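Have a look at this one.
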């Protein structure tokens with residue numbers, strides 16, 4: 001049995017600014033941001049450019065070769081293709097990649113909230129230096145959540161909304177994606193789907209690969225980010241049209257539509273979802289800063305104002321910003 005998320009990471013760290021901290025404490029909510037508006041420009045898309053071609057390359061050539069051997073009609077079709085089976089196979093893989101990625105990007109738009117797991121006692125106590133560096137001279141704050149409580153709250157609260165998909169998962173970085181048992185299982189599902197489709201040409205066999213591909217895309221990230229040990233909440237809400245169709249169906253859903261809100265960042269309207277109504281905050285770490293003592297005091301006053309019980313500490317990392 002694989003290790004539960006809360007067993008590996010008993011706490012999750014959400015790094016933010018002073019403005020972000022005040023907003024989270026005052027509303028007791030978090031934002032999930034549309035994937036096209038997050039900091040990583042390749043979010044949700046890198047999997048389809050890197051790992052999925054490898055997965056399809058492990059199943060499609062052998063499946064096509066088997067059909068070429070067993071089906072005279074298919075053999076005749078392929079023999080009429082310029083450069084034969086090898087070229088046909090490469091074209092098939094290219095078409096499969098294009099069709100899969102476009103179908104998913106066109107129909108599924110995830111909203112993401114990210115946390116960091118602590119991989120050492122030092123990070124648990126003082127936070128992650130790369131995150132503090134990201135906040136420069138303005139410093140930063142880490143809100144530390146109880147992982148088990150956050151997971152339970154996530155599944156409970158979002159069970160009342162009509163969603164296409166939701167998950168809270170640990171990110172896999174490049175090579176890790178072929179080593180983790182949960183991802184290997186998803187890859188096997190995709191391979192089975194394509195193997196069956198090549199045999200039957202039934203569209204339902206291809207559609208069976210959609211959900212495992214979405215799951216893997218949401219868990220996949222470039223190895224350059226591996227220090228963050230990211231844990232991610234991802235939600236794909238139903239659209240207003242889909243919600244209306246569900247309400248008018250023969251078995252109407254009683255679930256609600258999760259509304260989209262917008263914030264403004266540098267003149268850009270950023271689509272977001274508001275998550276939770278109350279948060280299991282354990283403590284807050286004030287990032288490295290020359291004025292960290294006064295910052296700690298003001299955070300304690302802020303917690304008192306919003307009636308949030310949490311410990312406040314200062315990071316002891318000797319970093320004072322750019």
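Answer with yes or no whether residue 166 is surrounded by 14 or more Cβ atoms within 10 Å (Cβ to Cβ), within 22 Å of the chain's Cα centre (by Cα) and assigned to a helix (DSSP H, G or I).
no
Given the criteria over 20 Å from the mean Cα position of the chain (by Cα), within 23 Å of residue 165 (Cβ to Cβ) and part of a helix (DSSP H, G or I), does residue 56 qualify?
Yes: the conditions hold for residue 56.
While we're looking at this one, here's another question. Of the residues in the stretch 306-319, how many are touching a helix residue (DSSP H, G or I) at 6+ places or on another chain (Cβ under 8 Å) and not in a strand (DSSP E or B)?
Total satisfying the criteria: 8.
Could you pull out every one of the strands (runs of 3 or more DSSP E) wholly within the stretch 192-286 that has 2 or more residues that are under 18 Å from the mean Cα position of the chain (by Cα) and under 28 Å from residue 40 (Cβ atoms)?
Output list reads 230-237, 268-275.
List the pairs whose first member sits in the stretch 32-48 and is in a helix (DSSP H, G or I), whose second member is modelled with pLDDT under 90 and surrounded by 16 or more Cβ atoms within 10 Å (Cβ to Cβ), and whose Cβ atoms are under 8 Å apart, counting only residues at least 6 apart or on separate chains?
The qualifying pairs are 35/43; 35/44; 36/43; 46/221.
Out of the stretch 265-304, which residues are without any contact (Cβ under 8 Å) to a residue 24 or more places away in the chain and within 26 Å of residue 164 (Cα to Cα)?
269
From (1) part of a helix (DSSP H, G or I); (2) more than 16 Å from the chain's Cα centre (by Cα); (3) farther than 27 Å from residue 291 by Cβ, pick out the condition that doesn't hold for residue 122.
(3)
From the list 21, 12, exactly one residue is at pLDDT 95 or above, surrounded by 14 or more Cβ atoms within 10 Å (Cβ to Cβ) and outside any helix (DSSP H, G or I). Which is it?
Selected residue: 12, the only one of 21, 12 that is at pLDDT 95 or above, surrounded by 14 or more Cβ atoms within 10 Å (Cβ to Cβ) and outside any helix (DSSP H, G or I).
Confirm whether residue 63 is assigned to a helix (DSSP H, G or I), within 29 Å of the chain's Cα centre (by Cα) and under 20 Å from residue 192 (Cα atoms).
Answer is no for this residue.
Of the conditions (1) part of a helix (DSSP H, G or I); (2) out of contact with any helix residue (DSSP H, G or I) (no Cβ under 7 Å at 6 or more places or on another chain); (3) surrounded by fewer than 16 Cβ atoms within 10 Å (Cβ to Cβ), residue 154 clears all except one; give me its number.
Of the numbered conditions (1) part of a helix (DSSP H, G or I); (2) out of contact with any helix residue (DSSP H, G or I) (no Cβ under 7 Å at 6 or more places or on another chain); (3) surrounded by fewer than 16 Cβ atoms within 10 Å (Cβ to Cβ), the odd one out for residue 154 is (3).
Anything in the stretch 226-266 that is under 24 Å from residue 19 (Cβ atoms) and either out of contact with any helix residue (DSSP H, G or I) (no Cβ under 8 Å at 6 or more places or on another chain) or loosely packed, with under 13 Cβ neighbours inside 10 Å (or both)? List them, or say none.
Passing the criteria: 230, 259, 260, 261, 262, 263, 264, 265, 266.
In this structure, does residue 127 turn out to be closer than 22 Å to residue 289 by Cβ, buried (at least 17 other Cβ atoms within 10 Å of the Cβ) and in contact with a helix residue (DSSP H, G or I) (Cβ under 8 Å, 6 or more places away or on another chain)?
The answer is no for residue 127.
If you don't mind, another one. Taking the stated definitions as given, is residue 273 surrounded by 18 or more Cβ atoms within 10 Å (Cβ to Cβ), under 30 Å from residue 216 (Cβ atoms) and touching a strand residue (DSSP E or B) at 6+ places or on another chain (Cβ under 6 Å)?
In short, yes.
The values are calculated or read from the model by the stated rules, or taken from the named source; none is laboratory data. Here the structure is a predicted model, which is why all the values come from computation and not from measurement. Methodologically, a virtual Cβ is constructed for each residue, glycine included, from the backbone with ideal geometry; neighbour enumeration extends over all protein chains shown.
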